[in-house]
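Encoded as structure tokens, the structure appears first; notes follow it.
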Amino acid sequence: MDRATFACSTAFFRDYSSSSQGAFCLPGGHVDFIEKVESFTYSDFFRDYLIPNHPCIFSAKFTEDWGSRRNWVTWDGKPNFDHLLQKFGEAVVPVANCDVKEYNSNPKEQLPFKEYINYWKEYIKNDYRSSRGCLYLKDWHLSRAFPEQDVYTTPVYFSSDWLNEYWDAIAVDDYRFVYMGPKGSWTPFHADVFRSYSWSANICGRKKWLLYPAGQEEYLKDRHGNLPFDVTAPGLQDRSVYPRYNQSQPPVEIVQEAGEIVFIPSGWHHQVYNLEDTISINHNWVNGCNVAIMWCFLQDELAAVQREISEWKVPMDDWHLQCQLIMKSCTGIDYKEFYNFLKVIAENRISVLENGLDDEASAKNTPKAAISTLGMLHAVFDLKRTVKVLTSLSANEDFKKLDLTSLSPPPEALLHHLKAAIDTALL
């Protein structure tokens, strides 16, 4: 991060709240296309897309050196089933049925990868029809299962990735996925986990994206407050069911070609179709630009849980703890783990600022090496954003009602250390 971008980001987050950041709309629905790798810097992306929370498309030049683009695709741009079976045939993968709706999503099952590829081949031969329905391999943690494979390299623009930095540190989960599906497979209307950013790269095939800027989803809710399963369904025209639909803006529509990467802003709801047989790589990620949006989302989720079980507040001694447990089961995180998330992110940056990296550590693909690559000012920006959110978390009444004795260091001590590290770095 250069000094001009640091100054720009500092001014932006001083003047705007997290809620206003998520609410920016795109003039005329235009989405920028980034053509040249050599003329587009990390600071360009940070300033023009991350901070204002705007989508963009990266050309296929940004992925042309990936192993998956060379090896997973046939000469005519189709999935290379033989190569994929050779490398991953014994894997077990999550597969959704696009033809079935279950609790506002598609039901999933675990299938052997070779069975899924055999299904896919038969589906194509039968003119994209099957008695089993349209099956879509999605949310496969391939990089975690096959770390030795030369699949892709995360572009530098997406390298400030707190979600995967944290979950790698605790070795529990990650938010790096592979999707594979036939023409006609699709993903219903949704926003990404924790209202994170996402990036999605097509290894082969084409996708159509329908994007709604953050806040537009409010106009798409039915009279009970539920979002639609399919945002293109004719039923949305029924004003007795969807009373505010006519106030919504048309979606931003993107057709993503093979090799291209789409950047989806934080909190933007979207629906996605595979226009051809398609393979994609997708990451969800949070960083200093949208961590406050993640924190707002968690507060909203807890409030929703509290409303649902409010009648049990008096008779249940540990009602606040139960609310946290339910929230974690729904979202994947609770307030105490969110504190630990912020702590890991902060301590990694403090370590780089205070101790630097030796040559051996710099050569490795580690979070601290990525922090060092992005520069001292980026680490300071990250710490400043962490201070902002941690201060809000520490003052939150629901957080203070929890047993915080297990948190180490205590929030006040961590805040003090963060502020001291920032002051020292800026001397």
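The values are calculated or read from the model by the stated rules, or taken from the named source; none is laboratory data. The model shown is predicted, which means the values in this text are computed figures rather than measured ones. Note that each Cβ is placed from the backbone with ideal geometry, even for glycine, and that neighbours are counted across all protein chains shown. Each accessible area value is taken on the protein alone, full model and side chains, heavy atoms only, with ligands, DNA and RNA left out. Shrake-Rupley method; radii C 1.70, N 1.55, O 1.52, S 1.80 Å.
Results, tabulated for the structure shown:
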item: 3J(HN,Hα) from dihedral phi, segment 255-260, Karplus parametrisation 6.51/-1.76/1.60, rounded to Hz, x for glycine, proline; result: 10, 9, 8, 4, x, 7
item: Summed residue charge, Cβ within 9 Å of residue 367's Cβ, Lys/Arg positive, Asp/Glu negative; result: -2
item: J(HN,Hα) series, segment 154-160, from Karplus relation 6.51 cos²θ - 1.76 cosθ + 1.60, nearest Hz, glycine and proline x; result: 4, x, 4, 4, 10, 7, 7
item: Inter-label distance for residue 44 and residue 224, nm, one decimal - labels placed 7 Å from Cα along Cα-to-Cβ; result: 4.8 nm
item: Euclidean distance between Cα centres, segment 95-117 to segment 216-294, Å; result: 21 Å
item: Alpha-carbon radius of gyration plus Dmax, which is the widest Cα pair, for segment 161-308 in Å; result: 16.5, 49
item: Per residue accessible area of segment 338-419, 1.4 Å probe, in Å²; result: 48 Å²
item: For peptides 89-97, 177-185, sequence by mean Cβ density within 10 Å, most packed first; result: 177-185, 89-97
item: Pair-distance profile P(r), taking every C-alpha pair of segment 290-426, with 10 angstrom steps and integer %; result: 11, 37, 29, 16, 6, 1
item: Mean Cβ neighbour count within 10 Å, used as a protection proxy, ranking 303-314, 258-269 highest first; result: 258-269, 303-314
item: At most 14 other Cβ within 10 Å, DSSP loop - GluC sites (Glu not before Pro), segment 112-148; result: 148
item: Accessible carbon and sulfur surface of the chain relative to its total accessible area, %, 1.4 Å; result: 50 percent
item: Listed residues 330, 296 arranged by accessible area, highest first, probe 1.4 Å; result: 330, 296
item: Residue 34 long-range amide H proximity, modeled H, under 5 Å; result: 57, 58, 59
item: Percent of beta bridges antiparallel (DSSP, the chain, rounded to nearest 5); result: 95 percent
item: Average accessible area per residue (Å²) across segment 27-285 - probe 1.4 Å, nucleic acids and ligands excluded; result: 43 Å²
item: Correct choice for semi-axes √(5λ) of the Cα gyration tensor in Å that was computed from the model, options [x] 38, 26, 18; [y] 45, 27, 19; [z] 34, 28, 22; result: [z]
item: Per-residue HN-Hα couplings for segment 129-138 [Karplus 6.51, -1.76, 1.60; θ = phi - 60°; Hz; x = Gly/Pro]; result: 9, 7, 5, 7, x, 8, 9, 10, 6, 8
item: List 335, 273, 42, ordered by accessible area with a 1.4 Å probe, largest first; result: 273, 42, 335
